[in-house]
Amino acid sequence: MTSCPESLVTAESEALVEDFFVRKRLGGIVLSELSAKQVEAFLILEQAMAAERNDGEHGARRDLSKLS
């Protein structure tokens, strides 16, 4: 399975994701202003975004090498 079943995505989870992206867009995240749950969620989201960026860069390189 490559995605989270909708039944496991809680309103709290959605709120954490939305809060993460709003704070990033507005200029950053101040850890001292966050609860422990927010910090944990934000770290997980940041790692997931980094992995996705990394996978995308590697995929683009693979695609370009096929053109040669």
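With the simple spin-label model, which puts each label point 7 Å out from Cα in the Cβ direction, the residue 25 to residue 49 separation comes to 1.2 nm. To the nearest 10, the accessible area of residue 55 is 100 Å² with a 1.4 Å probe.
The values are calculated or read from the model by the stated rules, or taken from the named source; none is laboratory data. This structure is a prediction, so every number in the text was calculated from the model and none was measured. For neighbour counting, all protein chains shown are included, and Cβ atoms are generated from backbone atoms with ideal geometry for every residue, glycine included. Note: accessible area is taken over every heavy atom of the protein model, side chains too, but ligands, DNA and RNA are not part of it. Shrake-Rupley method; radii C 1.70, N 1.55, O 1.52, S 1.80 Å.
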